[in-house]
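Below is one structure; the comments refer to it alone.
We did not get these values from a lab; they are worked out from the coordinates using the rules stated. Worth saying up front: this structure is predicted, and the values here are computed from it rather than measured. Here the Cβ is made from the backbone with ideal geometry for all residues, glycine too, and neighbour counts use every protein chain on show.
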């Protein structure tokens, strides 16, 4: 319940990027933490700088619940949490030159060379930073892996950022459980600070109207079962229809689908409901995903497949 007062559902907004002044009810400098964990840093920082609006991204519902409790106990007010991959959220949810500071604390280093594209700080992420940060806006990375900080610095310098570090941080870190764990083990902690130079640009993909398709005939559960396994893949994206369900009265068909766009994965439902003499294929309201190209193509493909059967 504590988390509910802070949680936002950006996938339900009709227009992206989000109007953060409306979300917070005030205009203020925006700070973003990617991967807030249990919320220790957000709780402390948002109270220390109450004149800022704070946004945190996580992919774990457990972390959202824990962070909500910490924020409530600290009396934090101008904070919003989103259950979204922070790389995607930073790119899709903020207008250009709208964010003052981005924080990234102890990201997974993905040390294997074959996993390099899973690291948060890679060229695409740096391009997003250069687009959404205000002129001179900052990015701060704290990590226990020196090579990760070095590589991040190289990517940032390559995009024109003014970089300081990595330098060892003997104290004064984000105060997270990971920092406490690594310090107990005697590991050095490294900090890197970067300020935006030239403005960058980034391609946003989660825009546009909610997809739907009207088809000229009624649909039964058996029709839905025939499209299970429908899939498509292309450079940068893919989707597949995994399962079909029917309502007790047989009037509504629900299809469970999976989509990926450049590594951003979503599971969601496509619903087929009666519409006059025909049917309407649309996203189910209970699990509205972001309107990415793969999601839109899945709705269009399901509609075409059902129309043709």
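If packing is taken as the mean number of other Cβ atoms within 10 Å per residue, what is the order of 285-292, 161-168, highest first?
Sorting 285-292, 161-168 by mean packing, highest first, produces 285-292, 161-168.
Using DSSP, restrict attention to beta bridges with both residues in the chain and report what percent are antiparallel, rounded to the nearest 5.
65
Take region 212-308, compute every pairwise Cα distance, and split them into 10 Å bins from 0; I just need the percent in each bin.
Percent of Cα pairs in each bin: 18, 54, 24, 4, 0.
With label points built 7 Å along Cα→Cβ from the Cα atoms of residue 26 and residue 220, find their separation and express it in nm.
Calculated label separation equals 6.0 nm.
Kindly state, to the nearest 0.05, the FRET efficiency for residue 110 paired with residue 14, given R0 = 41 Å and r defined as their beta-carbon distance.
0.70
I need the calculated FRET efficiency for the pair residue 122 and residue 267, taking r as the beta carbon distance and R₀ as 35 Å, to the nearest 0.05.
0.90
Per the Kirkwood definition applied to all pairs of different Cα atoms, how many angstroms is the hydrodynamic radius of the chain?
21.1
How large is the translational diffusion coefficient of region 38-108 in µm² per second when you combine the Kirkwood radius over alpha carbon pairs with Stokes-Einstein at 37 °C and 0.692 mPa s?
The estimated diffusion coefficient comes to 259 µm²/s.
Using 13 Å as the cut-off for backbone N distance, which residues of region 199-239 belong to the label zone defined by a point 7 Å from the Cα of residue 251 along Cα→Cβ?
219
Assuming R0 = 30 Å, what is the FRET efficiency of residue 195 and residue 60, from their Cβ-Cβ distance, to the nearest 0.05?
Working from the Cβ atoms, E equals 0.50.
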